[in-house]
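K.L.:
This structure is in structure tokens; I'll ask about it shortly.
The values are calculated or read from the model by the stated rules, or taken from the named source; none is laboratory data. Note that the structure is a prediction, hence the values are computed from the model and not measured. Glycine also receives a Cβ, built like all others from the backbone with ideal geometry; neighbour counts cover every protein chain displayed.
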């Protein structure tokens with residue numbers, strides 16, 4: 001497949017493909033005229049890159065997810081550590097979401113006078129993000 005086909009199928013710009021190739025994430029198999037050519041497996045590689053990016057992995061971390069042959073070579077500990085980070089982030093975001101929802105419906109005239117909102121602020125500044133009902 002040429003670079004245009006891959007870009008269209010993977011929904012990325014050709015410049016992204018060239019950048020990924022520079023970083024060592026993908027490899028072209030040659031050229032036809034001026035256009036780079038890629039094997040069909042590049043679509044699987046690009047899907048793994050997209051998943052890694054969505055999970056918050058850096059491109060340098062994603063590079064390590066491929067073997068020399070371009071096939072996935074996943075470090076299970078790294079995946080587990082990232083999953084734990086995502087779970088912590090989800091708990092933190094849930095806590096913040098609850099606080100915002102409470103603030104949106106709180107009957108107190110001034111949020112700073114609301115004991116529940118005050119508890120939320122105290123927990124937030126202490127970094128104690130726990131998904132509890134406020």
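K.L.:
Restricting segment 13-35 to residues that are more than 20 Å from residue 72 (Cα to Cα) and not in a helix (DSSP H, G or I), which is modelled with the highest pLDDT?
P.N.:
So, considering only residues that are more than 20 Å from residue 72 (Cα to Cα) and not in a helix (DSSP H, G or I), the one modelled with the highest pLDDT is 13.
K.L.:
Output the residue which, of all residues in segment 50-70 that are exposed (fewer than 11 other Cβ atoms within 10 Å of the Cβ) and outside any helix (DSSP H, G or I), is nearest to the chain's Cα centre (by Cα).
P.N.:
58
K.L.:
Can you find even one residue in segment 88-99 that is in a helix (DSSP H, G or I), free of Cβ contacts under 8 Å to residues at least 40 places away in the same chain and in contact with a helix residue (DSSP H, G or I) (Cβ under 7 Å, 6 or more places away or on another chain)?
P.N.:
Yes, segment 88-99 has at least one match.
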